[in-house]
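*Asks:* This structure is in structure tokens; I'll ask about it shortly.
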Amino acid sequence: MNDFLQNKIIFFRNLGIENWSTTFKKMHDFTILRNVYTFDEIWFVEHYPIFTQGQSYNNEKEKNLIHINNIPLIKTNRGGKITYHGPGQQIVYFLIDLKRRHLTIRQLINIMEKTIVTALEKLYIKAYTKKQSPGVYINKKKICSLGLRVKKNFTLHGLAINVNMDLTPFNYIYPCGDINIKMTQIKDFNKEIKLEDLKIILIKTLSEFFQVFMIKKGK
């Protein structure tokens, strides 16, 4: 297959709302089965309420918990610590061949962060990043969290940006393992923006950063 074509195409999938474990299995299977001919994909999804622990999270008090305030808690193979996912939050999973795109993991993280900052800028919301604390912030509060895993140069997982959700469950944990982090969302700055609006902006922005054609697919 033409290398140029593979580099210029990313499939964008809209999965709707799914259980985290359902999406994880799809993502894991995709990564295990993919080969040099497989196009990269970026998935958009919402999850039903769930807490997920990254591999660097080692809170002894919560080591054996399976629920926090009746919300499931699950261990994952991504980087990072603990966070919350729920309806009204846009999850974006990056299934990218780093070798094909000549990217380091740091460069991919930079693209992810710049995508969110640029997308928010288009909504007239000023956001910024921090060198020592991955993610995107507004007025000293976090609006977007990142967590990735790399397997044989293929990436899994991605980012979560809060749009219009119930932020209460973040109060039950220290988001990203940091007692000082408070969360915010787009709704606090622009009540009119819906997930579908943000998705359109993100696809366009990601296409520009990756220098690819916009190709959308269903589930």
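Derivation of every value follows stated rules applied to the coordinates shown; laboratory data play no part. What you see is a predicted model, and the numbers here were worked out from it, not measured in a lab. Quick reminder, even Gly has a Cβ in these numbers, built from the backbone with ideal geometry, and neighbours come from all protein chains shown.
*Asks:* Roughly what would the spin-label model give for Ile17 and Asn69, points 7 Å off Cα along C-beta, in nm?
*Replies:* 1.9 nm
*Asks:* Between the DSSP loop rule and a limit of at most 14 other Cβ atoms within 10 Å, which trypsin sites (Lys or Arg not before Pro) in segment 81-133 are left? Can you show the working numbers first?
*Replies:* Numbers: sites: Lys81, Lys99, Arg100, Arg101, Arg106, Lys114, Lys122, Lys126, Lys130, Lys131; in loops: Lys81, Lys99, Arg100, Arg101, Lys126, Lys131.
Listed in order of number, the matching sites are Lys99, Lys126, Lys131.
*Asks:* While we're looking at this one, here's another question. If each DSSP helix of 4+ residues adds -39,500 (n - 2.57) and the sum is divided by the residues in the chain, what number results at 222 nm, nearest 500 deg cm²/dmol?
*Replies:* Helix-only estimate at 222 nm: -8000 deg cm²/dmol.
*Asks:* Still on this structure, I have one more. Counting only other residues whose beta carbon sits under 11 Å from that of Leu148, what net charge do I get with K and R as +1, D and E as -1?
*Replies:* +4
*Asks:* Any idea what % of Cα-Cα pairs in segment 3-217 are farther than 25 Å?
*Replies:* In whole percent, the share of Cα-Cα pairs in segment 3-217 beyond 25 Å is 35.
*Asks:* What net charge do the residues around Ile201 carry, taking every other residue with its C-beta under 15 Å from that of Ile201, with Lys and Arg at +1 and Asp and Glu at -1?
*Replies:* +1
*Asks:* Taking segment 73-197, how much of its Cα-Cα pair set, in percent, is spaced more than 24 angstrom apart?
*Replies:* 26 percent
*Asks:* Using the charge dipole of segment 3-217 (Lys, Arg: +1 at Cβ; Asp, Glu: -1 at Cβ; taken about the Cα centre), state which of Val92, Val117, Pro134 has its Cα farthest towards the positive end.
*Replies:* Of Val92, Val117, Pro134, it is Pro134.
*Asks:* Something else now. So in segment 3-217, what percent of DSSP beta bridges are antiparallel if you round to the nearest 5?
*Replies:* Percentage antiparallel, nearest 5: 65.
*Asks:* About its Cα centre, what dipole magnitude does segment 3-217 give when the only charges are +1 on Lys and Arg Cβ and -1 on Asp and Glu Cβ, stated in debye to the nearest 20?
*Replies:* 460 debye
*Asks:* How much net charge surrounds Asn162 when only other residues with a Cβ under 12 Å from its Cβ are counted (Lys, Arg +1; Asp, Glu -1)?
*Replies:* Value of the local net charge: +1.
*Asks:* Here is a further query. Using a Gaussian network model on the chain with a 10 Å cutoff between Cα atoms, which of Thr38, Thr115, Thr76 fluctuates the most?
*Replies:* Thr38
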